[in-house]
Amino acid sequence: MADLIRYPSPNWNERPAGVKPDTVIIHYTGMETGAAALNRLVDPAAEVSAHYLIEEDGRIFALVDEAKRAWHAGVSFWRGRENLNHNSIGIELVNPGHEFGYRAFPRAQITSLLALLDGIAARHDIKRDAYIGHSDIAPDRKIDPGELFPWAQLAAKGYGLWSTLAGHDKTVIAERGQKNANVMKFNKQLGIVGYHIGDTQSFGATTEFAVRAFQAHWRPEAVTGQIDIGTAAVLEDIAGQSGQ
Ligand SMILES: [Zn+2]
C-alpha cells in the first residue's frame, strides 16, 4: 500500500466510553480540488474531519487516529443508531462531486482505498454489511459518494453487500404519495437494510430520499426515487442479505 502521509487534523474528540469502530463511511470531498478539501479538514474553524482522505492519484492522508472520533457523518442514522461519528471510520475520496463536476473515481484511488480497507478490516470487527456511504446514513442531506462509486468492486473483496440481480426493468410500481401494501413492504425492506423510515405506511419524502440513496448505492443505473421493478428486485435481495 502507498505509504500513509500523516496530516493530523485537530478536529476530533474521544469516542464514547466502550465504543469501538464497527462501520466504515465512504464520502466524496465535493470541492474543486483535493488541496482545498485537505485544508478544510484540518481547519479548526470548519469543525469537520475524517480519518482518511484519498487523493485521485492514490495518496492516502491520515488525519485522525482510528481510535478517536472524527467529525464526518453529522446528523445521521443507520439500523437504529444515530450519530454515526461515534462508531465509524470516515474516509473522504477526493472528487469534485455533483456540484463541481462529478467524475469517475480513478483506479489508483480505488486501489489505495481497497488496501486501506484491508488494514481497517484487520484492525477492527467490521461486518460485511457495515461499509456504507454518507448518503445512506443521511439521505435527506447528502448524496455522496454517489452513483459512480464502485460499490461492486468493494463487495467483491468482502467490503459491503452487493446484488448480482440485474435490475434493469424501469417500470414504476411505487412512488411518492402512495399508501398501500406494496409501499409498506418496501418501507419495511428499506428499514431492514438500515435506512431511517419513520412512517412505514406511506411513501412520503422520507421514503423517496431513502429510495434515492438505495439506488445510488445498489442500483445506480436509474436514481429516481421511485421504486421500479428492477429496484424492487435488488432491494429484496439486499434486505435479505442485511444483518446476517
Ligand atoms: Zn460526506
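Rule-based calculations on the coordinates, nothing more; no lab input. Fair warning: this is a prediction, and the values are worked out from it, not measured in the lab. With ideal geometry, Cβ positions are generated from the backbone for all residues, glycine too; neighbour counts draw on all protein chains shown.
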### Message
On C-alpha positions alone, give me the angle between the axis of helix 205-218 and the longest principal axis of the chain, in degrees, nearest 10.
### Response
70
### Summary
Expressed in angstrom and ordered largest first, the alpha-carbon extents of segment 4-156 along the principal axes are 39, 37, 32
### Query
Check Leu93: other-chain or 5+ apart residues with amide H under 5 Å from its amide H, H built from backbone geometry?
His27, Tyr28, Thr29, Ile54
### Message
If neighbour count is taken as other Cβ atoms inside 10 Å, put Asp228, Asp169 in order from fewest to most.
### Response
Asp169, Asp228
### Size of charge dipole - the chain - debye, nearest 20, with Cβ of Lys, Arg +1 and Asp, Glu -1, no other charges
440
### Dipole moment magnitude, nearest 20 debye, segment 107-244 about Cα centre, only Lys, Arg, Asp, Glu C-beta charged
160
### Query
HN-Hα J couplings of segment 114-122 from phi, Karplus 6.51/-1.76/1.60, θ = phi - 60°, integer Hz, Gly and Pro as x?
4, 5, 4, 5, 4, x, 5, 5, 6
### Query
Antiparallel as a % of all DSSP beta bridges within the chain, to the nearest 5?
40
### Query
In sequence order, what are the phi-derived ³J(HN,Hα) couplings for segment 64-78 according to the Karplus relation 6.51 cos²θ - 1.76 cosθ + 1.60 with θ = phi - 60°, rounded to whole Hz, with x for glycine and proline?
9, 4, 4, 6, 9, 9, 7, 10, 10, 8, x, 4, 7, 8, 7
### Task
Could you name the lysines whose alpha carbon sits less than 24 Å from that of Lys127, not counting residues in the same chain fewer than 8 places away?
Lys20, Lys68, Lys142, Lys157, Lys188
#### Entry: segment 35-103-segment 138-159 distance, computed between alpha-carbon centres (Å)
14
### Task
Name the residue farthest towards the positive end of the dipole of segment 47-162 from the options Leu53, Ala104, Ile120, assuming +1 on Cβ of Lys and Arg, -1 on Cβ of Asp and Glu, about the Cα centre.
Ile120
### Message
Using only DSSP helix segments of four residues or longer, with each worth -39500 (n - 2.57), what per-residue ellipticity at 222 nm results for the chain after dividing by its residue count and rounding to 500?
### Response
-9500 deg cm²/dmol
### Message
Compute, for segment 172-241, the length of the dipole vector about the Cα centre, with Cβ point charges of +1 (Lys, Arg) and -1 (Asp, Glu) only. Units Debye, rounded to 20.
### Response
140
### Query
For segment 4-156, what is the relative contact order in percent, using Cα pairs closer than 8 Å and at least 6 residues apart in sequence?
31
### Message
With 10 angstrom as the radius, rank Val172, Val183, Val193, Val42 by how many other C-beta atoms surround their C-beta, starting from the fewest.
### Response
Val172, Val42, Val183, Val193
### Message
Using Cβ contacts closer than 10 Å as the measure, can you line up Glu82, Glu55, Glu92 from fewest to most?
### Response
Glu82, Glu55, Glu92
### Query
Can you give me the relative contact order of segment 173-244 as a percent, contacts being Cα pairs under 8 Å and 6 or more apart?
35
### Summary
Residues whose built amide H sits under 5 Å from the amide H of Thr23, excluding neighbours closer than 5 in sequence, are Ile89
### Summary
In segment 165-244, the trypsin sites (Lys or Arg not before Pro) that sit in a DSSP loop and have at most 13 other Cβ atoms within 10 Å of their own Cβ are Lys170, Lys179
### Summary
The long-range amide H neighbours of Leu161, using H built 1.01 Å from N in the peptide plane and a cut-off of under 5 Å, are Tyr131
#### Entry: In Hz, Karplus ³J(HN,Hα) per residue of segment 51-63 (6.51, -1.76, 1.60; θ = phi - 60°; x = Gly, Pro)
6, 9, 10, 10, 6, 5, 8, x, 5, 10, 9, 9, 9
## Note on the structure
A student applying the Cα gyration tensor rule (rounded when a/c is under 1.5; otherwise prolate if a/b is larger than b/c, oblate if not) would label segment 172-241 rounded
